[in-house]
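Derivation of every value follows stated rules applied to the coordinates shown; laboratory data play no part. Note that the structure is a prediction, hence the values are computed from the model and not measured. So basically every Cβ, Gly included, is an ideal-geometry build from the backbone, and we count neighbours across all protein chains shown.
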Amino acid sequence: MESAVHRIGILTSGGDAPGMNAVIRSVVRTALHSGMECVGVRRGYHGLINGDFLPLGFESVSDISRRGGTMLYSARSKEFMEPEGQEKAISTCKLLGLDALVGIGGDGTFRGLLCLAQAGISVVGIPGTIDNDIACSTYTIGYDTACNTALESIDRLRDTMKSHERCSVVEVMGHHAGHLAVAVGVACGATVVLVPEHQTDFEAEVAEPIRRARLAGRTHFMIIVAEGVPNGAYGVAHRIREELALETRVTILGHVQRGGSPTSRDRMMATYMGYEAVRLLAQGKSCRVVAAKGDDIVDYDIAQALEMTKGLDPRGMEVLRALTGGRQDPIS
Ligand code: F6P
């Protein structure tokens with residue numbers, strides 16, 4: 001790989017996600033292999049504004065792929081949203097001789113990269129968030145680990161719910177999206193899954209499946225609620241207690257889902273995407289987002305990627321309806 005890029009900065013921004021460290025390692029090692037230098041920017045765009053940098057050599061990224069979190073720390077910078085903050089970040093890049101920047105995060109991170117690209121800095125984004133809510137990519141780094149972490153907790157909860165014949169209402173993360181909730185719901189065999197993309201009809205979609213399950217002899221129930229659902233897990237639990245007279249407990253899984261050692265899928269995707277980001281820069285490309293398209297790794301223009309939209313996996317929703325005894329749909 002021959003390139004006009006000599007010095008790449010790398011930052012992680014927004015909510016952290018397991019696998020971010022594996023991206024950092026991949027970017028650093030691929031860059032060194034291609035004759036480029038790498039610099040870590042700490043605390044996302046905040047560090048870019050304030051020149052909070054550290055050199056990243058071959059050994060400095062050794063043994064980090066298996067660790068959760070991000071060795072570069074992460075932040076959401078309000079200052080960078082203002083033109084003044086952006087100008088400061090651009091002049092810091094110039095002062096420190098950064099020709100290119102790789103940013104790992106979500107849409108907010110990509111909007112920041114777009115603004116730097118417009119100032120002439122070569123940029124590539126990599127989708128990293130447990131929410132899997134980045135429209136241009138079928139997969140985001142951290143999602144698989146978060147699904148597995150949530151699943152492990154839900155399996156434990158099911159043991160105690162079964163012993164006490166209770167209903168468990170579990171709130172999973174996802175910001176405004178229900179991808180994590182659907183995946184976890186399918187995997188744990190939930191009685192009901194509620195997502196923010198769909199307005200819930202409590203009677204048809206919560207009460208009825210629980211009644212059917214009760215009639216079939218079930219005495220414990222697992223309800224998965226995505227955090228973006230209005231009134232959240234407590235609201236749903238309140239109605240279940242009031243309208244179905246079921247002893248109900250709420251568990252908010254929260255930030256537990258964002259931690260832990262990344263799964264093999266996250267480490268592999270992170271490593272491939274990091275490699276691809278440097279390959280694009282080495283080819284003289286800029287303003288790109290690396291994305292997954294099924295099993296393939298592709299790239300898009302950042303501005304176009306930010307315009308894309310992504311719905312919930314229709315297969316997940318269909319299978320959930322079929323397996324949970326809710327509204328009956330013929331299989332087509
Ligand atoms: O985007 C990742 C995410 O964990 C969302 O699922 C959640 O809504 C949000 O970040 C929580 O952010 P914070 O770290 O600010 O609590």
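What the table shows:
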{"quantity": "Alpha-carbon spread of segment 197-289, three principal axes, descending order, Å", "calculated": "63, 27, 24"}
{"quantity": "Value of relative contact order over the chain, rounded to a whole percent, pairs C-alpha under 8 Å and six or more apart", "calculated": "23"}
{"quantity": "Residues with amide H under 5 Å from that of Ile8, placed H, sequence gap 5 or more", "calculated": "Glu37, Cys38, Val39"}
{"quantity": "Residue among Ala177, Ala17, Ala75 with the largest mean-square fluctuation in a Gaussian network model of the chain, springs linking Cα atoms under 10 Å", "calculated": "Ala75"}
{"quantity": "Candidates Asp155, Asp301, Asp131: whichever shows maximal mean-square fluctuation once the chain is modelled as a Gaussian network with Cα springs under 10 Å", "calculated": "Asp155"}
{"quantity": "Efficiency of FRET between Asp301 and Ala207 - r from beta-carbon atoms, R0 41 angstrom, step 0.05", "calculated": "0.30"}
{"quantity": "Qualifying trypsin sites (Lys or Arg not before Pro) for segment 68-160 [loop in DSSP, other Cβ within 10 Å: at most 13]", "calculated": "Lys78"}
{"quantity": "Spherically averaged projected area in nm², based on the convex hull that wraps the Cα atoms of segment 1-125", "calculated": "6.7"}
{"quantity": "Estimated Rh, the chain: Kirkwood, alpha-carbon pairs, angstrom", "calculated": "20.9"}
{"quantity": "Cα-centred dipole magnitude for segment 147-253, charges only on beta-carbon of K, R (+1) and D, E (-1), debye, nearest 20", "calculated": "380"}
{"quantity": "Value of D in µm² per second that Stokes-Einstein yields for segment 224-277, Kirkwood Rh from Cα pairs, at 4 °C (1.567 mPa s)", "calculated": "91"}
{"quantity": "Mean residue ellipticity (222 nm) of the chain, computed from DSSP H runs ≥ 4 via -39,500 (n - 2.57), nearest 500", "calculated": "-12500 deg cm²/dmol"}
{"quantity": "Kirkwood Rh in Å, taken over all unlike Cα pairs in segment 51-165", "calculated": "17.0"}
{"quantity": "Stokes-Einstein translational diffusion, segment 132-219 - Kirkwood Rh over all Cα pairs, 0.692 mPa s, 37 °C, in µm²/s", "calculated": "230"}
{"quantity": "Cα-based reach from Lys88 at 15 Å (exclusive), listing aspartates and glutamates while leaving out same-chain residues under 8 positions away", "calculated": "Asp52, Glu79"}
{"quantity": "Using alpha carbons only: equivalent-ellipsoid semi-axes of segment 89-235, gyration tensor based, whole Å", "calculated": "42, 15, 10"}
{"quantity": "Environment charge at Met20 (Cβ cut-off 12 Å; Lys +1, Arg +1, Asp -1, Glu -1)", "calculated": "+2"}
{"quantity": "Nearest-0.05 FRET efficiency for His255 and Asn50, computed from C-beta distance (R0 22 Å)", "calculated": "0.30"}
{"quantity": "Cα-based reach from Lys94 at 26 Å (exclusive), listing lysines while leaving out same-chain residues under 8 positions away", "calculated": "Lys78, Lys285"}
{"quantity": "Cα-based reach from Lys310 at 16 Å (exclusive), listing lysines while leaving out same-chain residues under 8 positions away", "calculated": "Lys293"}
{"quantity": "GNM flexibility winner over the chain from Glu37, Glu242, Glu208 (Cα, springs under 10 Å)", "calculated": "Glu242"}
{"quantity": "Rounded FRET efficiency, nearest 0.05, which uses the C-beta distance separating Val319 from Arg241 and R0 of 35 Å", "calculated": "0.80"}
